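Data first, discussion second: the structure below is written as structure tokens.
The values are calculated or read from the model by the stated rules, or taken from the named source; none is laboratory data. Keep in mind that this is a model prediction, so the values were computed, not measured. In this analysis, Cβ positions are derived from the backbone assuming ideal geometry, glycine residues included, and neighbour counts consider all displayed protein chains.
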Amino acid sequence: MELTHCIYCSKATDKNLSREHLEEILEKSNHNNRDADVTGILLFDSGAFFQVLEGDKRVVGDLFKKIALDSRHQDVTKLIYEPIEQRSFGEWSMGYPKVTRKELEAIPGLNDFFGKGNSFAELEEGRAKQLLEAFKEGRWRA
Ligand code: FAD
């Protein structure tokens, strides 16, 4: 297996996506990803998504293509797609760490970015890596 991660951001088509609809996405993701040996996290804040998908290169690539076509979000932007030595979120078929805006603003290196009201949809590769690191190590893991 060629272990790879794919990280993207997008905007929810419905900016006020309900908890119920978010749970629908998470339930389906957990079910499908478990079968496909895909792990990762999904974040949602201010109408934007940030997702990390980890697994076999081909599986992750195909899954990203499918997700990108989902009408529940738009402006799907692939930020990182590269080989990795090990998974960062191996225990989660799709984790959903609940993070507040205040907590986002407190992430070292990203306080300015989130403090200015930016959302995940404005991230680029460098900041995506910083966010990934924060979630790899942060207290949201608990
Ligand atoms: P089905 O569930 O049978 O769906 C068939 C078709 O209907 C698909 O094209 C699907 O996109 C569409 N569909 C289903 N429900 C809805 C709905 N409520 N509104 C609009 N269209 C709908 N899937 C994963 O497997 N793993 C993930 O990690 C993952 N992450 C996602 C993250 C985001 C932000 C979003 C928006 C979706 C994500 N999905 C994920 C869902 C993914 O886009 C597909 O909907 C899902 O994988 C399809 O599952 P299925 O092949 O079993 O088909």
Worksheet entry | Selection status of residue 22, outside any strand (DSSP E or B) and over 17 Å from residue 129 (Cβ atoms) | yes
Of the residues in the range 5-22 that are aliphatic (A, V, I, L, M) and modelled with pLDDT of 95 or more, the one that is farthest from the ligand (Cβ to nearest atom) is 7
- Query: Hey, does the range 51-63 have a residue that's in a loop (DSSP other than H, G, I, E, B), free of Cβ contacts under 8 Å to residues at least 60 places away in the same chain, closer than 22 Å to residue 2 by Cα and not β-branched (Val, Ile, Thr)?
  - Reply: no
- With respect to residue 75, determine if the residue is in contact with a strand residue (DSSP E or B) (Cβ under 7 Å, 6 or more places away or on another chain), at pLDDT 95 or above and not basic (Lys, Arg). yes
When residue 85 is run through (1) in a loop (DSSP other than H, G, I, E, B); (2) free of Cβ contacts under 8 Å to residues at least 40 places away in the same chain; (3) more than 20 Å from residue 26 (Cβ to Cβ), the failure sits at (2)
When (1) within 15 Å of the ligand (Cβ to nearest atom); (2) farther than 14 Å from residue 8 by Cα; (3) at pLDDT 95 or above; (4) surrounded by 17 or more Cβ atoms within 10 Å (Cβ to Cβ) are applied to residue 113, the one that fails is (1)
Scanning the range 23-63 for residues that are more than 8 Å from the ligand (Cβ to nearest atom), farther than 25 Å from residue 137 by Cα and in contact with a helix residue (DSSP H, G or I) (Cβ under 8 Å, 6 or more places away or on another chain) gives 59
Quick count over the range 38-81, residues being closer than 27 Å to residue 103 by Cβ and of a type in the set (Lys, Arg), is 2
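Where residues in the range 64-76 are touching a residue at least 60 places away in the same chain (Cβ under 8 Å) and within 9 Å of the ligand (Cβ to nearest atom), which of them is nearest to residue 33 (Cα to Cα)?
Filtering the range 64-76 for residues that are touching a residue at least 60 places away in the same chain (Cβ under 8 Å) and within 9 Å of the ligand (Cβ to nearest atom), the one nearest to residue 33 (Cα to Cα) comes out as 68.
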